[in-house]
Amino acid sequence: MAIPFVEFALSNSPTAAFARYYGLEPSELDAVLRRALACGGDFADIYVEYREGSSLHLEEDLLKETREVVALGAGVRVVVGEQSGYAYTNELSAANLLQAAEVAAQIAAGPSRIEAVNLQAALVPGRYPVRLPATRTDIAEKADFLFAANQATRNEDARIRDVQVTWSDELRFILLANSAGELVSDTQPLVTFSVSVIAESNGERQAGWKNFGKRVGLEAFSRQQAETLAQEAARQAVTLLAARPAPAGELPVVLAAGASGVLLHEAVGHPLEADFNRKKLSVFSGCLGEKVASELCTVVDDATLASLRGSLNVDGEGTIPRASTVLITCGVLRAYLQDRLSARLMKLAPTGNGRRQDYAHIPIPRMTNTYLAAGTNDPEEIIRSVARGIYCKSFTGGQVEPAGGKFTFSMHEAYLIEDGHLTYPIKGATLIGSGVEILNNIVAVGHDLELDLGAWACSKQGQAVPVSVGTPTVKIARMTVGGQRA
Amino acid sequence: MSEELGTLAERLLAHARQCGADQSEVWLQEASQLSATVRLGVVEELRQATSRVLSLRVFLGQRVARASASDLSWETLEQLVRRAIARARLASEDLFAGLPEYSPSFPSPETLALYDPEFERLRAEEVIARARETERIGLSLDARVRNSGGASFRAVRSMVWGANSRGFRGHFRQSTASLSVNLLGESSSDGAQVSDYWYSVSRQLARLESCEEVARRAVERVRRQFGARKIPTHEVPVVFEPLTAAELLSDLFGAVCGESIYLKRSFLAESLRQKVASEYVTLVDDGLLPGGLGTRPFDAEGVASQRTVVIERGMLNNFLCGAYAARKLGLAATGNGTGDGEAPTNFYLVPGFSSAEEILASADECLYVTRLLGQGVNLVTGDYSRGAFGLWVEKGEIVHPVHEITISGNLRQMLAGVEQVGNDLDLRSQFGAPTIRIRAMTVAGT
């Protein structure tokens, strides 16, 4: 696209572009913050966003449609104790923001405690540098990836029938100003490529898929990568044509390195979000310093990693993550995932995990890139140690209920292990367990930590944000496997 | 809310035509929301906002491109139109692409009871008060239920405008309010925490369940889980409570919508006019149900809403199609189009005659599923495996609650295995179902 705002934001800065095109000069933002705190309050912030995106979809060998999105808006939040007032608008102007500030201020009922904010611009790190923003690139180039992937699945195996390939990209410019005087802006790229196929043989149909997501520009993706992802999706679908029903009941489970990190995301990640713990809504409430997992477990959330989906230069409320957050060290609970509100109420430091889907939502504690640290076991040894169990390779997702700690995750590609060997693929099934129990049942952790590059999106309270997950090969002594063979 | 959206739609259609589009379509929506969440008596979040969003499709012959924006400045929009037309040239020629035929008649929005003017009088104080009262009652009914995830009241009203180059012009107003509460209890015997919630949604404020009712149901749902345990892995009859049965309906919708059929991504793709379920199963999608949450005069392509019987006493008689899938499959569009697939209107299982109590009492033993967790439904194969919470029932008597189990089967066998359908249809979302009993599913536990 050639929208002047975007051109200007790229060649100057988002802060300068919001000032030039929407009149959001620091002095105006200052006035909005003062208006927000006119009735009192501990803290106020403004989040301004301009997002452009495009997507292309191939299906039945046709490039069926392309799409462009332009979204903009801003929200004003006023925080008083544990209360938040929030208002947003998608007609950006200083006048509309002042009005939003007045509405948000309804949460408070006291005298103003603020005279001037004196905004000072803070520099952010550069964790996702981009040379060729994908949203700025000719659509024909991206279409080429789709056709290449489509062809690659069909070359991989004659049993591949339906193929769908989707590319999507976005570029998000954000500007944050708050009553603590911080003024921060960031440019956040995101690219997603996904391939989904159906293989068919003798009337049996099975799906396979593979996707990819990173905060990168077009220079970091290639036709060859598109083809590799496509081949992997095809291989998976064809493999599953031979899948037999999964067993039902309690069995040892070995998680393959990489995408299995989604289990940690559900079992540990969500229950360690500070809001659940502050409100005593999590099984881990009040457990800081206690042993909550097997000593083989060290769990880390790290927004500082380069270019991953969950990587952040600044979170959704102006906190710049400076280091990784070690949540669990050798089984002992060390930290929660904090946003500003929970950190203040719990008298702990913010960890830069206050994230929001967009301007229409307030920030809440969320994960970024979450993984289980590498152990010392040999991955092959781990499989050999299982007499009868399950080996899980890919997943469709999971869900947790933090209060009771029960969580599920659903396998897509998995195998039966018999006498230390993978014997045959099994049909998808859901695993269920309780977070604390599973953490204590981790009996081996491989040395092969892998961060998955899949396009994971995490959903909480109606807000979806991009995240990454990772794990080395892990053995869980037993878990309930929801197969059909009782 | 404004005529100006209608004027903007006309202006964009004219601009698209001038720039060379053969066909074009514009949708605009303006929404206002007011919501409050109260936790332990304190207002956690009070939110108020108005927002606008536009989406458009342009066609060059049989090639299509789309765009959407919340930046409604003319500079941005006219550029989006021009760029969409340029992109349409790059799309593949698709024989079935195009706007639906113009259908001049659709029901008047007034007869559908979509909008309640009482919403205009709603103030923040009342929204907060209702949430606060619901939570207060919820925390007063049982000494073991002492913590709360919060109670929320949310009211949204919106205006939808649609116009296309084949002559379609339509607009309607709608309103939706919801009241919900999430409560936590601690078992006095084993100290385990359990949580659950209840909610009510309605287009009419007066029809919303009362604060007392919402609180009472939430407490009841928490209370019945105290002392839950796993059960042995075996095959048993399974009874789904209406809200969990409704989740099955949402899975089934994905298996009967046109897009899954032409792509053969549904286990029902080749089963039209075949018996796919027991005679107790009749599934309907009804876009005309007065006051229904999915009710609307026309779909997102301007096709008039209708009532479609998808499965009639076990026979799969219709798929739900948008204009594209309809052309492709040689079927009729059913008013479920979204422009790039299908969405449900009010999709429900027609109730039978038995009460939930009679259904539970009719089996020697059964698992009564009260909540489902996670994914685990494969629509291509019909394979089904989900996490579940429930109650173990013997001869109609609840013996103990159950947790940390999965239920699994195959949707085709589950549909064929529906043995009883209750008289207690609950349509509080776009998916609705009464209590149902399925002959047998595999429970995985210990």
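Go through the residues of region A:123-142 one by one and say whether even a single one is more than 30 Å from A:Ser196 (Cβ to Cβ) and β-branched (Val, Ile, Thr).
yes
State the number of residues belonging to region A:379-407 that are farther than 29 Å from A:Leu272 by Cα and either not assigned by TED's automatic domain parsing to the domain that holds A:Gly446 or not in a strand (DSSP E or B) (or both).
Qualifying residue count, region A:379-407: 7.
Among the residues that make up region A:195-209, is at least one of them surrounded by fewer than 20 Cβ atoms within 10 Å (Cβ to Cβ), modelled with pLDDT under 95 and more than 14 Å from chain B (Cβ to nearest Cβ)?
No: zero hits.
Residue check: is B:Thr37 on the phi < 0 side of the Ramachandran plot, in contact (Cβ under 8 Å) with a residue 24 or more places away in the chain and of a type in the set (Val, Ile, Thr)?
In short, yes.
Could you tell me which residue of region A:210-242 is surrounded by the fewest Cβ atoms within 10 Å (Cβ to Cβ), considering only residues that are part of a helix (DSSP H, G or I) and among the small types (Gly, Ala, Ser)?
Here the residue is A:Ala220.
Quick check: is even one residue across region B:336-349 closer than 16 Å to B:Ile231 by Cβ and within 14 Å of another protein chain (Cβ to nearest Cβ)?
The answer is no; no qualifying residue exists.
If you scan region B:419-446, which residues turn out to be surrounded by fewer than 18 Cβ atoms within 10 Å (Cβ to Cβ) and within 14 Å of chain A (Cβ to nearest Cβ)?
Result: B:Ala440, B:Thr446.
Could you identify the single residue in B:Glu25, B:Glu10 that is over 26 Å from B:Arg121 (Cβ atoms), touching a strand residue (DSSP E or B) at 6+ places or on another chain (Cβ under 7 Å) and either within 13 Å of chain A (Cβ to nearest Cβ) or crowded, with 22+ Cβ neighbours inside 10 Å (or both)? Even if it seems obvious, please write down each step before you answer.
Working: B:Glu10 fails: either within 13 Å of chain A (Cβ to nearest Cβ) or crowded, with 22+ Cβ neighbours inside 10 Å (or both).
From the options B:Glu25, B:Glu10, the qualifying one is B:Glu25.
Just give me the residues in region B:331-387 being of a type in the set (Lys, Arg) and buried (at least 22 other Cβ atoms within 10 Å of the Cβ), in sequence order.
B:Arg386
Here are the criteria: (1) hydroxyl-bearing (Ser, Thr, Tyr); (2) more than 9 Å from every other protein chain (Cβ to nearest Cβ); (3) within 29 Å of A:Trp167 (Cα to Cα). Tell me which single one A:Thr430 does not satisfy.
(2)
For region B:104-123: of the residues being part of a loop (DSSP other than H, G, I, E, B) and surrounded by fewer than 10 Cβ atoms within 10 Å (Cβ to Cβ), which is nearest to the chain's Cα centre (by Cα)?
B:Ser108
Pairs only if they're at least six apart or on different chains, beta carbon under 7 angstrom, first in region A:378-405 and more than 19 Å from A:Asn440 (Cβ to Cβ) and more than 14 Å from chain B (Cβ to nearest Cβ), second of a type in the set (D, E, K, R) and crowded, with 19+ Cβ neighbours inside 10 Å; list them, first residue then second.
Filtered contacts from region A:378-405: A:Lys393/A:Glu413.
What single numbered condition from (1) within 14 Å of chain A (Cβ to nearest Cβ); (2) under 23 Å from B:Glu357 (Cα atoms) fails to hold for B:Arg216?
Failing condition for B:Arg216: (1).
Being in a loop (DSSP other than H, G, I, E, B) and in the same structural domain as B:Glu235 (by TED's automatic domain parsing) narrows it down to one of B:Val402, B:Val380, B:Val393, B:Val369, so name that one.
Checking each option against the conditions leaves just B:Val380.
How about region A:410-470: which strands (runs of 3 or more DSSP E) wholly inside it have at least 2 residues that are surrounded by fewer than 20 Cβ atoms within 10 Å (Cβ to Cβ) and modelled with pLDDT under 95?
Passing ranges, in order: A:457-460.
Among the candidates B:Glu30, B:Glu93, B:Glu101, which residue alone is surrounded by fewer than 17 Cβ atoms within 10 Å (Cβ to Cβ), of a type in the set (Asp, Glu) and within 12 Å of chain A (Cβ to nearest Cβ)?
Going through B:Glu30, B:Glu93, B:Glu101 in turn, just one is surrounded by fewer than 17 Cβ atoms within 10 Å (Cβ to Cβ), of a type in the set (Asp, Glu) and within 12 Å of chain A (Cβ to nearest Cβ): B:Glu93.
Quick check: anything in region A:369-376 surrounded by fewer than 19 Cβ atoms within 10 Å (Cβ to Cβ), touching a helix residue (DSSP H, G or I) at 6+ places or on another chain (Cβ under 9 Å) and outside any strand (DSSP E or B)?
No, region A:369-376 contains no residue that is surrounded by fewer than 19 Cβ atoms within 10 Å (Cβ to Cβ), touching a helix residue (DSSP H, G or I) at 6+ places or on another chain (Cβ under 9 Å) and outside any strand (DSSP E or B).
Please state which one of A:Glu68, A:Glu52, A:Glu60, A:Glu82 is on the phi > 0 side of the Ramachandran plot and either more than 8 Å from every other protein chain (Cβ to nearest Cβ) or in contact (Cβ under 8 Å) with a residue 24 or more places away in the chain (or both).
Checking each option against the conditions leaves just A:Glu60.
Here is a list of conditions, (1) of a type in the set (A, V, I, L, M, F, W, C); (2) within 14 Å of another protein chain (Cβ to nearest Cβ); (3) surrounded by fewer than 20 Cβ atoms within 10 Å (Cβ to Cβ), and A:Leu10 meets all of them except one; can you say which number that is?
Result: A:Leu10 fails condition (2) only.
Any residue in region A:103-110 that is in a helix (DSSP H, G or I), closer than 22 Å to A:Gly23 by Cα and at the interface with chain B (Cβ under 7 Å from one of its Cβ atoms)?
Taking every residue of region A:103-110 in turn, at least one turns out to be in a helix (DSSP H, G or I), closer than 22 Å to A:Gly23 by Cα and at the interface with chain B (Cβ under 7 Å from one of its Cβ atoms).
Considering each of A:Ala36, A:Ala16, A:Ala31 in turn, give the residue that is touching an Asp or Glu at 6+ places or on another chain (Cβ under 9 Å), of a type in the set (A, V, I, L, M) and either more than 9 Å from every other protein chain (Cβ to nearest Cβ) or at positive phi (or both). Outline the logic, then answer.
Numbers: A:Ala16 fails: touching an Asp or Glu at 6+ places or on another chain (Cβ under 9 Å); A:Ala31 fails: touching an Asp or Glu at 6+ places or on another chain (Cβ under 9 Å).
Just one listed residue meets the conditions, A:Ala36.
So which of B:Gly227, B:Gly302, B:Gly254 ends up being on the phi > 0 side of the Ramachandran plot and within 14 Å of chain A (Cβ to nearest Cβ)?
B:Gly227
Tally the residues that are farther than 28 Å from A:Lys291 by Cβ and part of a loop (DSSP other than H, G, I, E, B), restricting the search to region A:313-341.
Going through region A:313-341 one residue at a time, the tally reaches 8.
So that you can scan it fast, the table gives a plain yes or no per residue for (1) part of a loop (DSSP other than H, G, I, E, B); (2) buried (at least 24 other Cβ atoms within 10 Å of the Cβ); (3) of a type outside the set (Lys, Arg); (4) in contact with a His (Cβ under 8 Å, 6 or more places away or on another chain):
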| position | (1), (2), (3), (4) |
| --- | --- |
| A:Lys280 | yes, no, no, no |
| A:Gly286 | yes, no, yes, no |
| A:Gly289 | yes, no, yes, no |
| A:Glu295 | yes, no, yes, no |
| A:Val300 | no, no, yes, no |
| A:Leu305 | yes, no, yes, no |
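Among the candidates B:Ser200, B:Ser148, B:Ser165, B:Ser175, which residue alone is touching a helix residue (DSSP H, G or I) at 6+ places or on another chain (Cβ under 7 Å) and under 26 Å from B:Glu404 (Cβ atoms)?
Checking each option against the conditions leaves just B:Ser148.
Does B:Ser200 qualify as being within 26 Å of B:Arg136 (Cα to Cα), in contact (Cβ under 8 Å) with a residue 12 or more places away in the chain and not assigned by TED's automatic domain parsing to the domain that holds B:Ala269?
Yes: the conditions hold for B:Ser200.
Looking at this structure, is B:Leu329 in contact (Cβ under 8 Å) with a residue 12 or more places away in the chain, within 30 Å of A:Pro402 (Cα to Cα) and in contact with a Gly (Cβ under 8 Å, 6 or more places away or on another chain)?
no
I'd like to know if region B:210-232 contains one or more residues that are farther than 30 Å from B:Ala440 by Cβ and assigned to a loop (DSSP other than H, G, I, E, B).
Here is the first cut: in region B:210-232, the ones farther than 30 Å from B:Ala440 by Cβ are B:210-216, B:218-219.
Cutting the leftovers down to assigned to a loop (DSSP other than H, G, I, E, B) gives us B:210.
Within region B:210-232, one or more residues are farther than 30 Å from B:Ala440 by Cβ and assigned to a loop (DSSP other than H, G, I, E, B).
The values are calculated or read from the model by the stated rules, or taken from the named source; none is laboratory data. A quick note: this is a predicted structure, and the numbers were derived from the prediction, not measured. Cβ atoms come from the backbone with ideal geometry, glycine included; neighbour counts cover every protein chain shown.
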